[in-house]
Amino acid sequence: MVGQMLNVLNEWIKGFGLMSEAWRAGILVFLLVFGTATTAFIVSRIVLALEKKFSKTDNLWDDVFLHAARRPLVAFVWVQGVFWAAEVAHHFSQADVFTYNGAFLQVGVVWVIVWFLFALVKQIEQILVSPLKMRKPMDYTTVNAISKLLRAVIIITAVLTALQTLGFSISGVLAFGGVGGIAVGFAAKDLLANFFGGFIIHLDRPFKVGDWVRSPDRNIEGTVEHIGWRLTTIRTFDHRPLYVPNSTFTTIAVENPSRMFHRRISETVGIRYADVRSMRAIVDDIRSMLENHEEIATDQTLIVNFLAFNASSLDIMVYTFTKTTQWVRYHQVKEDVLLKISEIIHNHGAEIAFPTRTLHLPDGVQVNEAVAAQAGEGEPTNGPGQENAQSAGAGEKS
């Protein structure tokens, strides 16, 4: 139909006998390009108006479809317009380049469809992970993996379709790919290992973007920023990016502290041997304090017991879990617990032990204070309060 209209217009211009064939071709091509630009502008305005109208509805998917289709539609108008212009030029010229107009149109349409599908996948991905648009947003890592897989399928299908359009045999291409794939597999085994490592990460999901991970086998610790098909980007706690090949995660153990339910407080507190009579009361008060602490998870293991006679102290084991898993808040709770334990020990007239040594001398032997100090034996033996401290030390060594 368009061709008939152009022939009529060409004959009408030719009837005036004022223009050469080259001028008539130029005018027709100009009119087609101008009409294409006008049509593309109108299509863009129409789609924008529809987007504004449907944005007021509760349905999100019509917005996604329109937003993904606007630019590909404009591109399709241009592809079709350029094809018609090339057909007009081919009518006036027998150049070989114009014999590929049909292939250009088909490849252009495939390209427009791929553009639309890519934009649609991206828009759907943003919708599914958005907490503002979804009541229960999906996990970003899972959605991102699915979208990457869909893009790969779209690209492979588009390439095969374009090759078939250009006259290549798909069966030959697939056969060549099967033979060449063996050679490529040997040459790029590390790349393939990383690819399948990334696939395993997306499948097993030992961690996701935003998780804090670390490995006891390697010096790897930080927050996951991106999981690619070849590399995983981890931001260490000194804010440096760490790029780890995905194949590494198939051979090492990985901890995911972000998925812990509680954080543990495990401390050993020692008191002096002189305070052994207060041990039971101190242990009971510490246990009671933890059981009534608002930040301690009482439904988890809670142990407060006299542990052992140590060399310089009587040890008390404190083992419990906090409700919070946040790193900063955990240390605030731990600080509060340790200070309260210190207060309990002090309230019972006891003291926290520190390493001491008791030296026993034969009767009648006197030690010069200046000589003892110069010899590095510590404080004077007969200083204020030293007699009791020396004799009541946590342990004795002769």
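Summary table below
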quantity	calculated
Among the candidates 298, 356, 381, residue that is at pLDDT below 95, under 47 Å from the mean Cα position of the chain (by Cα), part of a loop (DSSP other than H, G, I, E, B) and of a type in the set (Ser, Thr, Tyr)	298
Long-range neighbours under 9 Å by Cβ, at least six apart or interchain, first residue in the same structural domain as residue 84 (by TED's automatic domain parsing) within segment 106-129, second outside any helix (DSSP H, G or I) and hydrophobic (A, V, I, L, M, F, W, C)	106/166; 107/166; 127/60; 127/134; 128/134; 128/138; 129/138
Residue match in segment 29-43 (condition: assigned to a helix (DSSP H, G or I) and modelled with pLDDT under 75)	yes
Some residue of segment 56-76 being of a type in the set (Val, Ile, Thr), modelled with pLDDT under 85, in a helix (DSSP H, G or I) and within 28 Å of residue 134 (Cα to Cα)	yes
Per-region count, segment 203-253, residues hydroxyl-bearing (Ser, Thr, Tyr) and assigned to a loop (DSSP other than H, G, I, E, B)	2
Qualifying residue in segment 89-98 (condition: surrounded by 15 or more Cβ atoms within 10 Å (Cβ to Cβ) and modelled with pLDDT of 75 or more)	no
Given (1) touching a residue at least 60 places away in the same chain (Cβ under 8 Å); (2) aliphatic (A, V, I, L, M); (3) farther than 30 Å from residue 218 by Cα; (4) out of contact with any strand residue (DSSP E or B) (no Cβ under 7 Å at 6 or more places or on another chain), index of the condition residue 289 fails	(1)
Every residue from segment 40-64 that is closer than 26 Å to residue 80 by Cα and aliphatic (A, V, I, L, M)	40, 42, 43, 46, 47, 48, 49, 50, 64
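The values are calculated or read from the model by the stated rules, or taken from the named source; none is laboratory data. Treat the numbers as computed from the prediction; the structure is a model and nothing was measured. Positions of Cβ are backbone-derived with ideal geometry, glycine not excepted, and every protein chain shown enters the neighbour counts.
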